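The values are calculated or read from the model by the stated rules, or taken from the named source; none is laboratory data. Small disclaimer: the values here were computed from a predicted structure and weren't measured. Reconstructed Cβ throughout: ideal geometry from the backbone, glycine too, with neighbour counts over all protein chains shown.
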Number of protein chains: 2
Amino acid sequence: MGKKLRIGMLGLGTVGTGVVELFENYRYKVQQITGLDSCLAKVFVRNSHRKKALAERHHLTLVTDMAEIINDPTIDVVIEVLGGIEPAKTAISQALKSGKHVVTANKDLMAQCGIELQQLAKENACALYYEASVAGGIPILRTISSSLSSDAIEIVYGIVNGTTNYMLTNMTISGLTYQEALLEAQRLGFAEQDPTNDVEGIDAVYKMIILTQFAYGMTIKIDDVTRQGITHVTASDIQSARKLGYVIKLIGTTLITKEGVAVDVAPVFIAKTHPLASVSNEMNAIFVKSTGIGESMYYGPGAGATPTATSILSDVLTIAKEWQSGRLGQSFHTFDTDTKLIPKKSTRGKYYFSLSVPDEMGIFKKIAEIMENQQVSLKQINQEVFSPDAAHVALITHEMTLAQRDCILAAFRDIPDVVVHAYYKVL
Amino acid sequence: MGKKLRIGMLGLGTVGTGVVELFENYRYKVQQITGLDSCLAKVFVRNSHRKKALAERHHLTLVTDMAEIINDPTIDVVIEVLGGIEPAKTAISQALKSGKHVVTANKDLMAQCGIELQQLAKENACALYYEASVAGGIPILRTISSSLSSDAIEIVYGIVNGTTNYMLTNMTISGLTYQEALLEAQRLGFAEQDPTNDVEGIDAVYKMIILTQFAYGMTIKIDDVTRQGITHVTASDIQSARKLGYVIKLIGTTLITKEGVAVDVAPVFIAKTHPLASVSNEMNAIFVKSTGIGESMYYGPGAGATPTATSILSDVLTIAKEWQSGRLGQSFHTFDTDTKLIPKKSTRGKYYFSLSVPDEMGIFKKIAEIMENQQVSLKQINQEVFSPDAAHVALITHEMTLAQRDCILAAFRDIPDVVVHAYYKVL
């Protein structure tokens with residue numbers, strides 16, 4: 001009889017319940033692969049009464065004091081599914097300090113305090129894994145840190161927030177307004193009552209910070225990321241995109257050049273033929289461009305109890321394998337380099353502008369002159385007259401810097417009777 | 001000064017040249033990640049004269065006798081890119097026996113002699129990795145053996161042959177015939193002069209055998225796979241698919257039920273909305289359905305010197321990491337179970353039938369009766385009259401067994417004046 005891997009879990013919400021429900025099958029798999037027996041020894045909950053039925057069904061030992069897990073010397077692995085910064089941060093820190101391996105799905109925490117916790121893990125020769133924190137069921141972090149680590153990644157971009165993708169899909173397919181799409185997503189449980197973190201792109205920023213660390217070994221802060229949510233996306237923007245051959249998606253991007261990295265979250269125009277354009281509803285997908293492989297994409301469910309719980313248990317299985325081979329305590333992401341940021345004003349992109357202009361002679365010449373002054377050329381232009389004396393003009397440009405874009409915007413706004421309705425980055 | 005990882009390579013064709021060209025950058029990455037220095041110590045070629053310029057440019061030491069690599073005690077890792085069964089098999093066997101770790105891209109060999117070579121690797125506590133053998137640049141094998149190993153895979157299917165996908169894309173988009181598409185693929189170097197292995201689905205069968213081992217721990221033989229190539233796919237089949245909302249792709253499938261596994265390679269109808277439908281040209285993509293994650297997909301280049309070389313070097317990097325942590329000699333795929341096959345006649349699928357029928361009363365009733373006798377229901381039906389006395393009928397059914405399909409086919413052929421033009425599985 002060998003040693004048993006004893007697991008303690010902090011939290012028993014949606015994802016925690018998923019872990020409990022998958023655990024029996026998982027335990028069999030771990031035994032099959034590593035020969036190691038494992039058990040879910042204790043689960044911390046705030047209110048044990050509310051979880052009584054679930055605990056009885058799965059023969060769980062509930063505790064209402066986290067210390068009973070963190071200070072228990074027989075517990076080897078702690079799964080943290082509380083979410084948020086505190087008390088999760090303190091609990092994880094204490095667990096690492098007492099030599100326990102930690103698995104977490106907490107993107108807020110790992111994006112904001114990852115470095116500190118990783119340092120603590122290293123000092124205590126413990127594993128700290130968090131595959132489930134980015135794109136739920138897609139094993140993107142381990143893929144980058146193992147399979148892609150011999151390659152040189154140039155850019156990582158994708159759909160990393162299921163809530164907003166669900167809303168934008170509904171706005172595109174069913175023609176809903178932003179408000180209608182939000183209400184529908186809330187009704188179905190895809191959006192929270194306070195949807196700020198999702199719709200303002202904050203959740204996506206956390207994930208891009210973690211992806212940046214894995215792709216380039218660089219640690220960036222929340223304020224280093226340019227961020228725009230989807231709250232201002234209108235039905236007419238989506239229609240205009242469609243006419244030009246695009247769909248609008250909330251895209252997180254992290255790219256590297258000789259100057260440094262630039263990380264961005266914003267709704268962008270994506271050509272309908274791009275593999276990301278057909279990623280619908282709550283699905284996530286991450287596109288990677290690297291020197292060796294070229295283009296690759298990883299697609300799967302971005303959230304949900306079962307996919308997230310599976311990613312958590314996959315991390316625990318990795319710990320079990322490393323335990324068997326005595327290889328524990330390696331960093332999850334493979335390397336670190338000094339962080340260098342591309343100055344925001346010199347990040348480059350193609351842009352879409354939507355303007356209404358007076359339907360009069362010379363207006364196109366003025367637009368053309370503005371573009372020429374900034375030495376930016378146009379890729380596509382589409383005009384529709386919608387009243388006797390006004391027209392709607394949609395422009396798609398070739399590449400320019402953010403500084404050029406801002407000059408162009410200011411110049412457009414200086415023309416009398418011209419209104420800039422919207423502008424988006426184009427992928 | 002630590003130990004240096006010394007690598008010998010057998011072969012310097014397209015992929016071998018890719019390895020040589022990527023090596024300098026790769027060496028830097030390995031050092032950054034593991035602290036280990038590495039070098040490409042010797043390369044075996046049949047004719048050193050023809051490779052002289054390349055060797056000089058990259059300061060390679062060429063040898064024309066494989067023994068100089070295999071018997072060299074200072075070589076730690078052997079990369080095999082000769083292809084084919086012999087002499088690759090003997091060379092890999094000898095390398096493993098003398099304690100060298102082996103990386104290969106050889107799908108023919110690993111599909112046919114994988115078990116034997118893996119056993120040899122195990123006996124000698126050596127690594128034997130072959131990520132590049134399936135879907136070139138897509139890290140699908142390591143993803144299955146690490147991230148997905150805590151999950152229960154139910155089915156793996158996808159586009160695993162770039163040549164045929166390139167041809168079918170061309171037939172779909174440009175309306176080429178099979179022969180025209182083949183000539184074009186040969187002209188561009190996507191198809192070989194003897195295209196049999198690709199167009200008859202044999203290459204795809206090799207890859208599905210390897211994927212079956214990784215997904216279910218089961219070892220199957222070539223004859224266990226039902227196989228159909230694309231040589232009989234006509235422009236009118238593709239048009240008929242389009243009208244019904246499908247595209248035709250050569251799909252490899254490996255699925256498991258309580259009865260066992262069933263592995264199949266065939267051109268199939270895929271709904272246009274399915275993520276695999278937009279995988280074009282020489283790209284590959286593998287779709288996985290598992291209990292925990294649900295649906296996930298892995299997309300990337302299926303072949304090409306640089307992607308394949310990157311996968312090979314990623315395997316070598318894994319060896320370097322495991323070398324550093326003393327964890328070498330683990331099996332690449334995670335587990336083995338007894339192989340159980342679903343009897344071919346009871347494998348299930350939806351089917352498309354294309355018939356020409358006399359344009360007369362009662363013919364639809366006959367078709368309906370045949371379906372009813374087999375207790376199979378229809379999902380879609382499309383009829384076009386193409387001459388005063390004949391019509392083309394396209395049927396798509398709900399699920400049935402292969403045995404039922406064969407009964408239906410026989411019954412159709414028994415109706416006077418009915419011709420069965422084609423039938424395909426529908427995904």
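Annotations for the structure displayed:
- Of A:ALA185, A:ALA191, all but one fail to be assigned to a loop (DSSP other than H, G, I, E, B), in the same structural domain as A:ILE230 (by the TED database) and under 20 Å from A:THR234 (Cα atoms); the exception is A:ALA191.
- Cβ separations smaller than 8 Å between residues 6+ apart or across chains give no pair from the range A:61-78 residues that are outside the structural domain of A:HIS101 (by the TED database) and at pLDDT 95 or above to residues that are among the small types (Gly, Ala, Ser) and surrounded by 15 or more Cβ atoms within 10 Å (Cβ to Cβ).
- Filtering the range B:36-47 for residues that are within 14 Å of another protein chain (Cβ to nearest Cβ), touching a Leu at 6+ places or on another chain (Cβ under 9 Å) and farther than 14 Å from B:MET9 by Cα leaves a non-empty set.
Quick grid of which residues meet (1) farther than 30 Å from B:LYS289 by Cα; (2) part of a helix (DSSP H, G or I); (3) among the basic types (Lys, Arg):
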{"site": "A:GLN112", "(1), (2), (3)": "yes, yes, no"}
{"site": "A:LEU117", "(1), (2), (3)": "yes, yes, no"}
{"site": "A:ALA125", "(1), (2), (3)": "yes, no, no"}
{"site": "A:ALA132", "(1), (2), (3)": "no, yes, no"}
{"site": "A:ALA135", "(1), (2), (3)": "no, no, no"}
{"site": "A:SER149", "(1), (2), (3)": "no, yes, no"}
{"site": "A:VAL156", "(1), (2), (3)": "no, no, no"}
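- Among (1) touching a helix residue (DSSP H, G or I) at 6+ places or on another chain (Cβ under 9 Å); (2) of a type in the set (A, V, I, L, M); (3) in a helix (DSSP H, G or I), the one test that B:ILE173 misses: (1)
- For the range B:321-331, filtered to residues that are part of a helix (DSSP H, G or I) and within 9 Å of another protein chain (Cβ to nearest Cβ), the residue that is modelled with the lowest pLDDT is B:SER325.
- Comparison of A:ALA91, A:ALA125, A:ALA135 shows that the only residue that is of a type in the set (A, V, I, L, M), modelled with pLDDT under 95 and buried (at least 20 other Cβ atoms within 10 Å of the Cβ) is A:ALA135.
- Matching residues in the range A:394-421 - criterion: being charged (D, E, K, R), in contact with a strand residue (DSSP E or B) (Cβ under 9 Å, 6 or more places away or on another chain) and either loosely packed, with under 14 Cβ neighbours inside 10 Å or touching a residue at least 60 places away in the same chain (Cβ under 8 Å) (or both): A:GLU399, A:ARG413, A:ASP417
- Here B:ALA277 passes the criteria (1) touching a Lys or Arg at 6+ places or on another chain (Cβ under 8 Å); (2) modelled with pLDDT of 95 or more; (3) over 22 Å from B:LEU148 (Cα atoms) except the one numbered (2).
Conditions (1) touching a Pro at 6+ places or on another chain (Cβ under 7 Å); (2) over 21 Å from B:LEU211 (Cβ atoms); (3) in contact (Cβ under 8 Å) with a residue 60 or more places away in the chain, marked per residue:
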residue	(1), (2), (3)
B:HIS333	no, no, yes
B:LYS344	no, no, yes
B:GLY349	no, no, yes
B:LEU355	no, yes, yes
B:PRO358	no, yes, yes
B:ILE367	no, yes, no
B:GLN374	no, yes, no
B:SER387	no, yes, no
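Listed here are the residues, each with its yes/no results for (1) under 30 Å from A:GLY137 (Cβ atoms); (2) within 14 Å of another protein chain (Cβ to nearest Cβ); (3) hydroxyl-bearing (Ser, Thr, Tyr).
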{"position": "B:LEU176", "(1), (2), (3)": "no, no, no"}
{"position": "B:THR212", "(1), (2), (3)": "yes, no, yes"}
{"position": "B:MET218", "(1), (2), (3)": "yes, yes, no"}
{"position": "B:VAL233", "(1), (2), (3)": "no, no, no"}
{"position": "B:ALA241", "(1), (2), (3)": "no, no, no"}
{"position": "B:LYS249", "(1), (2), (3)": "yes, no, no"}
{"position": "B:THR253", "(1), (2), (3)": "yes, no, yes"}
{"position": "B:ALA262", "(1), (2), (3)": "yes, no, no"}
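- Any hit, the range A:135-150, residues being farther than 18 Å from B:THR34 by Cα, in contact with a helix residue (DSSP H, G or I) (Cβ under 8 Å, 6 or more places away or on another chain), among the hydroxyl-bearing types (Ser, Thr, Tyr) and in contact (Cβ under 8 Å) with a residue 60 or more places away in the chain: no
- Filter result for A:GLY13 (buried (at least 21 other Cβ atoms within 10 Å of the Cβ), under 29 Å from the mean Cα position of the chain (by Cα) and assigned by the TED database to the domain that holds A:THR310): no
- Filtered residues of the range B:245-259 (kept if surrounded by fewer than 19 Cβ atoms within 10 Å (Cβ to Cβ) and either touching a residue at least 24 places away in the same chain (Cβ under 8 Å) or among the aromatic types (Phe, Trp, Tyr) (or both)): B:GLY245, B:THR257, B:GLU259
- Which listed residue is under 28 Å from A:THR334 (Cβ atoms), part of a helix (DSSP H, G or I) and β-branched (Val, Ile, Thr), from B:VAL30, B:VAL78: B:VAL30
- For first residues located in the range A:190-204 and in contact (Cβ under 8 Å) with a residue 12 or more places away in the chain, partners that are assigned to a helix (DSSP H, G or I) and acidic (Asp, Glu) and lie 6+ apart or on another chain with Cβ distances below 7 Å form the pairs A:ALA191/A:ASP198.
Okay, residues lined up against (1) charged (D, E, K, R); (2) more than 27 Å from A:GLY114 (Cα to Cα):
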| residue | (1), (2) |
| --- | --- |
| A:LEU183 | no, yes |
| A:ALA191 | no, no |
| A:ILE220 | no, no |
| A:VAL225 | no, no |
| A:TYR246 | no, yes |
| A:LYS258 | yes, no |
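- Criterion: assigned to a helix (DSSP H, G or I) and over 27 Å from A:ASN106 (Cβ atoms) - qualifying residue of A:LYS243, A:LYS207: A:LYS243
- Output for the range B:132-157, where each listed residue is among the acidic types (Asp, Glu) and either touching a Cys at 6+ places or on another chain (Cβ under 6 Å) or more than 7 Å from chain A (Cβ to nearest Cβ) (or both): B:GLU154
- From the list B:THR347, B:THR310, B:THR334, the lone residue that is facing chain A (nearest Cβ under 9 Å), more than 21 Å from B:GLY35 (Cβ to Cβ) and touching a strand residue (DSSP E or B) at 6+ places or on another chain (Cβ under 8 Å) is B:THR310.
- Lone qualifier among A:THR337, A:THR306, A:THR291 - being within 19 Å of the chain's Cα centre (by Cα), among the polar types (S, T, N, Q) and at pLDDT below 95: A:THR306
- Test result for B:LEU183, over 13 Å from the mean Cα position of the chain (by Cα), among the hydrophobic types (A, V, I, L, M, F, W, C) and modelled with pLDDT under 90: no
- Selection status of B:LYS207, in contact (Cβ under 8 Å) with a residue 24 or more places away in the chain, buried (at least 20 other Cβ atoms within 10 Å of the Cβ) and not assigned by the TED database to the domain that holds B:GLY83: yes
One line per residue, one yes/no per condition, for (1) in contact (Cβ under 8 Å) with a residue 24 or more places away in the chain; (2) assigned to a helix (DSSP H, G or I); (3) at the interface with chain B (Cβ under 7 Å from one of its Cβ atoms):
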position: A:ASN281; (1), (2), (3): yes, no, no
position: A:ILE286; (1), (2), (3): yes, no, no
position: A:TYR298; (1), (2), (3): yes, no, yes
position: A:ALA303; (1), (2), (3): yes, no, no
position: A:THR306; (1), (2), (3): yes, yes, yes
position: A:LEU317; (1), (2), (3): yes, yes, yes
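- Note on the range B:35-52: residues that are part of a loop (DSSP other than H, G, I, E, B) and among the β-branched types (Val, Ile, Thr) total 1.
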